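The values are calculated or read from the model by the stated rules, or taken from the named source; none is laboratory data. In this text, all values refer to a predicted model and were calculated from it rather than measured experimentally. Glycine gets a Cβ as well: all are built from the backbone with ideal geometry, and neighbour counts include every protein chain shown.
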Amino acid sequence: MKQAVLDVDGIIDALLKVQYMEPNTEVDLPEEQIMLLIEAAQQIFATQPVLLDLQTPIKICGDVHGQFFDLLRLFTMNGFPPECDYLFLGDYVDRGKNSIEVLCLLFAYKVKYPDRIFLLRGNHESDAMNQLYGFCDECVRRYSPLLYLRFEECFKYLPLSALVGRRILCMHGGLSPEITSLDDIASIERPCEIPDEGLVCDLLWADPKRDQEESWCPNERGISYTFNEDVVADFLDKFNLDLICRAHQVVENGYEFFADVQLITLCSAPNYAGELDNAGAVMIVDSDLACSIAVLRPRETERKYLVGDAFFEDDSDPDFMDEDEYS
């Protein structure tokens, strides 16, 4: 019997063909091809560092959560690989209707352009979350339990953090009291599970919290910590960094600053889970480390965004806008 060969271009073409179809349209990719794609992507993840060292310019994206058609909008507005480099901060699956399509497109681009697109692990890249929030059900309904298990194994090899331009530290969740050196992150071994506590847990689960007096407090999520502004300032000073970039939370405008402009939260899933009226955002980091924000508006809504003292009406044709630069 002839051995199957991965057709990366065929996968990408099939996924892009539905771009202008009804949202939530499913793409019927052959399961055998998806299995081969997962294997190829996993091999690349395993050979690249757990703490990525990335150069600029690059575009950084937050949670996607199965919103495949919004991912296509994001690429349409900001450029499809390999037009520019991308870093995604995790949470590709669950809640949305098309988690399989999201993973297959991102994995296919990773295989085709391994040094142009980078994918971090989020807290939803885990069996415990996927059993509860939809990804497991989607895999079993559309394909098989075996495909689901194969995705779960691959998730264990995803990198956990990235250092952009030596000055911007990125992760899905947040900081950890266990970080004494960036080598603590770089030395994490994979494949790894997400434990209930410790460094890996915090990188994927921790949150910043305003007006918190204590540096670290138990997180209301029931796992990991919340940290205050002083923790961020001290961390940046200690490690000679400019910015913490993370995801993990829905924010109304698609992005939100914390501790002045020392930490930014990104969410790239507009109309989160089809229930909220939030925008999505992408952070664009130029070669000189100047940053700007591209906002992906909610579908079929009219909103106003406040940038400084100026309101921007959301009634023009483009689906996004570049906000003020900051440095």
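Computed values, structure above
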quantity	calculated
Residue in the stretch 192-200 that is surrounded by 20 or more Cβ atoms within 10 Å (Cβ to Cβ), within 19 Å of PHE155 (Cβ to Cβ) and touching a residue at least 60 places away in the same chain (Cβ under 8 Å) present	yes
Inter-residue pairs, beta-carbon under 6 Å, first on the phi > 0 side of the Ramachandran plot and in the stretch 265-278, second at pLDDT below 95 and not charged (D, E, K, R), 6+ apart	ASN271/PRO298
Count of residues meeting criterion [among the aromatic types (Phe, Trp, Tyr) and within 14 Å of HIS172 (Cα to Cα)] in the stretch 81-100	2
Filter result (touching a Phe, Trp or Tyr at 6+ places or on another chain (Cβ under 6 Å) and farther than 17 Å from PHE45 by Cβ) within the stretch 124-139	CYS136, CYS139
Those residues of the stretch 43-79 which are within 23 Å of GLU153 (Cα to Cα), surrounded by fewer than 17 Cβ atoms within 10 Å (Cβ to Cβ) and touching a strand residue (DSSP E or B) at 6+ places or on another chain (Cβ under 7 Å), in sequence order	none
Unmet criterion (only one of (1) touching a residue at least 60 places away in the same chain (Cβ under 8 Å); (2) closer than 20 Å to ILE264 by Cα) for ALA186	(2)
Elements of type helices (runs of 4 or more DSSP H) contained in the stretch 178-295, each with 3 or more residues being over 24 Å from GLY96 (Cβ atoms) and over 21 Å from the mean Cα position of the chain (by Cα)	229-239
Test result for TYR225, among the aromatic types (Phe, Trp, Tyr) and either touching a residue at least 40 places away in the same chain (Cβ under 8 Å) or surrounded by fewer than 15 Cβ atoms within 10 Å (Cβ to Cβ) (or both)	yes
Members of the stretch 26-39 that are under 28 Å from MET77 (Cα atoms) and either free of Cβ contacts under 8 Å to residues at least 24 places away in the same chain or not β-branched (Val, Ile, Thr) (or both)	GLU26, ASP28, LEU29, LEU37
Residue in the stretch 106-121 that is in contact with a Phe, Trp or Tyr (Cβ under 7 Å, 6 or more places away or on another chain), surrounded by 24 or more Cβ atoms within 10 Å (Cβ to Cβ) and farther than 27 Å from ASP13 by Cβ present	yes
Among (1) of a type in the set (S, T, N, Q); (2) touching a helix residue (DSSP H, G or I) at 6+ places or on another chain (Cβ under 9 Å); (3) closer than 24 Å to PRO195 by Cβ, the one test that GLN48 misses	(2)
First in the stretch 1-18 and farther than 15 Å from GLU32 by Cα, second anywhere and of a type in the set (Asp, Glu) and not in a loop (DSSP other than H, G, I, E, B), Cβ under 7 Å, 6 or more apart	LEU15/GLU101
SER187 being in contact with a strand residue (DSSP E or B) (Cβ under 7 Å, 6 or more places away or on another chain) and not charged (D, E, K, R)	no
Answer from CYS154, CYS170, CYS136 - the residue that is within 21 Å of VAL231 (Cβ to Cβ) and either of a type outside the set (Phe, Trp, Tyr) or over 19 Å from the mean Cα position of the chain (by Cα) (or both)	CYS170
Given (1) surrounded by fewer than 24 Cβ atoms within 10 Å (Cβ to Cβ); (2) at pLDDT 95 or above; (3) out of contact with any Lys or Arg (no Cβ under 6 Å at 6 or more places or on another chain), number of the condition ILE38 does not satisfy	(3)
Hits in the stretch 134-146 - residues which are surrounded by fewer than 19 Cβ atoms within 10 Å (Cβ to Cβ) and either in a helix (DSSP H, G or I) or among the hydrophobic types (A, V, I, L, M, F, W, C) (or both)	ASP137, VAL140, ARG141, ARG142, PRO145, LEU146
Positions within the stretch 151-172 being surrounded by fewer than 19 Cβ atoms within 10 Å (Cβ to Cβ) and either among the β-branched types (Val, Ile, Thr) or more than 20 Å from ALA247 (Cα to Cα) (or both), in sequence order	GLU152, GLU153
